[in-house]
Amino acid sequence: MTLNLRARILSFLAFLCIAGVFHSSDAAAALRPEQLAIVINDEDPNSVAVGEYYRKRRNIPAANVVHVRIPGKPQRLNLARFRELKEEIDGQLGPGVQAVLMVWTAPYAVDCNAITAAYSLGFDAGQCARTCAAGRPSPYFNAKSTAPFDEHGMRLSMLLPTESVEQAKALVDRGAAAGFRTVPATAYYLSTSETARNTRTAFFPPAGRIKARRLTTRVMKADVLEGARDVMIYQTGMAQVAKLDTLAFVPGALADHLTSMGGDLLGTSQMSSLRWLEAGATASYGTVSEPCNHWQKFPNPAVLLRHYLGGDTAIEAYWKSVAWPAQGLFIGEPLAAPYRSRR
């Protein structure tokens, strides 16, 4: 993103806080259930149970349900196996499908690429040769697009984790509950003592209140958010995020932390992005291999807020917020849209 574009985004958000209004011509055009396909791993009973629950809860057409077999729940696929899987999925999709939800926890990576990025943008071998190098730009970054497959030749993708069927169903319910009414909420942005993980702070929106969306934005210099009961967005830079058990997330909440291995969902070296969903967030993001601290490899706070408040679904807003997503894994309930127009 150029400095001029960044300045325009921040100025726009500042205007929202001052004027207390928000208008978006795209709000009514957010991703619809009939444009989403779900992929179920028939080798994983949790995937089968959660996939069927999601289909019914979100009224996904039966024709949009894809069945595959991935035995053993490998965390990472090699490129050959991934290409077979992608071909199998794509072969079962109709032309109207704009996005894909993979209903499982693992696999979540293809070599150094996240499986969602490899599926949506194609495998980036160059990134694996130098994981800390600049990534391949996403044509969907900060786009006005409402039909990514039609307009960019890419289907967005997200992972719905299924380690716990009960928690996965609760996650789906939170996504479905988002948007029935606009509730008072706050977007929290933390600049922490882990200075290398603060590369996004220049893109934090200004503190203030967006009256039309009943949303307050707070910018804090702190390592932890504790006791907040109205969390819609929580973005920070920490390897481990404490006090999540003291927070209450509203339906549709987005939360992520800038750290190297958040997308290594079943890893233990740093906090897994799964912890955000377990704490009550509806969608999150993390990288599956060492990205270094390029802000372009993580959700841009200003871009994410702009598109989410404009009515985009969680999958659209998150994908639009990452400039170089090869290593980034998108997880959660894709259709959550707390600010979608209800006209």
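Kindly indicate whether Asp256 is assigned to a helix (DSSP H, G or I) and either closer than 20 Å to Ser321 by Cβ or under 22 Å from the mean Cα position of the chain (by Cα) (or both).
On the way: assigned to a helix (DSSP H, G or I): no; either closer than 20 Å to Ser321 by Cβ or under 22 Å from the mean Cα position of the chain (by Cα) (or both): yes.
No: the conditions fail for Asp256.
Sort out which residues of the range 283-299 are surrounded by fewer than 24 Cβ atoms within 10 Å (Cβ to Cβ) and among the polar types (S, T, N, Q), and write them in order of number.
Ser289, Asn293, Gln296 - these are the residues of the range 283-299 that are surrounded by fewer than 24 Cβ atoms within 10 Å (Cβ to Cβ) and among the polar types (S, T, N, Q).
Considering each residue of the range 221-234, count those that are free of Cβ contacts under 8 Å to residues at least 40 places away in the same chain, touching a helix residue (DSSP H, G or I) at 6+ places or on another chain (Cβ under 8 Å) and within 19 Å of Asp256 (Cβ to Cβ), and give that number.
Qualifying residue count for the region: 1.
If only one of Asn142, Asn113 is touching a Cys at 6+ places or on another chain (Cβ under 9 Å), under 19 Å from Ala326 (Cα atoms) and of a type outside the set (Gly, Ala, Ser), which one is it?
Only one candidate qualifies: Asn113.
Can you report the number of residues in the range 268-297 which are assigned to a loop (DSSP other than H, G, I, E, B), in contact (Cβ under 8 Å) with a residue 24 or more places away in the chain and under 29 Å from Gly126 (Cβ atoms)?
Of the residues in that region, 10 qualify.
Going through the range 321-336 one residue at a time, which ones are of a type outside the set (A, V, I, L, M) and surrounded by 24 or more Cβ atoms within 10 Å (Cβ to Cβ)?
Ser321, Pro325, Gln327, Gly328, Phe330, Gly332, Glu333, Pro334
What helices (runs of 4 or more DSSP H), lying completely within the range 111-181, carry at least 3 residues that are under 17 Å from the mean Cα position of the chain (by Cα) and surrounded by 19 or more Cβ atoms within 10 Å (Cβ to Cβ)? Please lay out each step first, then the result.
Numbers: elements: 115-121, 125-129, 148-152, 165-177.
Qualifying helices (runs of 4 or more DSSP H): 115-121, 165-177.
Suppose we keep only residues that are polar (S, T, N, Q) and at pLDDT 95 or above within the range 312-343. Which one would you say is farthest from Pro299 (Cα to Cα)?
Of the residues in the range 312-343, the ones polar (S, T, N, Q) are 313, 321, 327, 341.
Right, trim to at pLDDT 95 or above and you get 313, 321, 327.
On the way: Thr313: 15, Ser321: 5, Gln327: 12 Å.
Ranking the qualifying residues of the range 312-343, first place goes to Thr313.
For Leu309, state whether it is within 13 Å of the chain's Cα centre (by Cα) and at pLDDT 95 or above.
Details: within 13 Å of the chain's Cα centre (by Cα): no; at pLDDT 95 or above: yes.
So Leu309 fails the test.
For the range 95-110, which residues satisfy the criterion of being outside any strand (DSSP E or B) and modelled with pLDDT of 95 or more?
Here is the first cut: in the range 95-110, the ones outside any strand (DSSP E or B) are 95-98, 104-108.
Selection gives Gly96, Val97, Gln98, Trp104, Thr105, Ala106, Pro107, Tyr108.
Select from the range 84-102 the residues that are within 22 Å of Gln327 (Cβ to Cβ) and touching a residue at least 24 places away in the same chain (Cβ under 8 Å) and list them in ascending order.
Lys86, Ile89, Ala99, Val100, Leu101, Met102 - these are the residues of the range 84-102 that are within 22 Å of Gln327 (Cβ to Cβ) and touching a residue at least 24 places away in the same chain (Cβ under 8 Å).
For the range 60-88, name all the residues that are farther than 12 Å from Val100 by Cβ and part of a loop (DSSP other than H, G, I, E, B).
Pro61, Arg69, Ile70, Pro71, Gly72, Lys73, Pro74, Gln75, Asn78
I need the full set of residues from the range 182-198 which are under 25 Å from Ala239 (Cβ atoms), over 17 Å from the mean Cα position of the chain (by Cα) and in contact (Cβ under 8 Å) with a residue 24 or more places away in the chain, in order please.
The answer is Thr186, Leu190, Ser191, Thr192, Ser193, Glu194, Ala196, Arg197, Asn198.
Tally the residues that are assigned to a helix (DSSP H, G or I) and surrounded by fewer than 16 Cβ atoms within 10 Å (Cβ to Cβ), restricting the search to the range 185-237.
5
Per-residue answers, yes or no, for (1) out of contact with any Lys or Arg (no Cβ under 9 Å at 6 or more places or on another chain); (2) over 23 Å from Ala37 (Cβ atoms):
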residue	(1), (2)
Asp264	yes, yes
Ser269	yes, yes
Ser272	yes, yes
Gly280	no, yes
Val303	no, yes
Thr313	no, no
Glu316	yes, no
Trp324	no, yes
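How do the pairs read when you match residues in the range 202-220 that are farther than 16 Å from Asp230 by Cβ and at pLDDT 95 or above with residues anywhere that are charged (D, E, K, R) and not in a strand (DSSP E or B), using Cβ under 9 Å and keeping only pairs 6 or more apart or on different chains?
Ala202/Arg6; Phe203/Arg6; Pro205/Arg306
So which residues in the range 238-253 are part of a loop (DSSP other than H, G, I, E, B) and within 16 Å of Pro184 (Cα to Cα), if there are any at all?
Leu247, Ala248
Is it fair to say Tyr318 is among the aromatic types (Phe, Trp, Tyr), out of contact with any Asp or Glu (no Cβ under 8 Å at 6 or more places or on another chain), surrounded by 24 or more Cβ atoms within 10 Å (Cβ to Cβ) and within 19 Å of Val231 (Cβ to Cβ)?
Details: among the aromatic types (Phe, Trp, Tyr): yes; out of contact with any Asp or Glu (no Cβ under 8 Å at 6 or more places or on another chain): yes; surrounded by 24 or more Cβ atoms within 10 Å (Cβ to Cβ): yes; within 19 Å of Val231 (Cβ to Cβ): yes.
Judged against the criteria, Tyr318 is a match.
The values are calculated or read from the model by the stated rules, or taken from the named source; none is laboratory data. If you're wondering where the values come from, they're calculated on a predicted model, not measured in any experiment. Cβ atoms come from the backbone with ideal geometry, glycine included; neighbour counts cover every protein chain shown.
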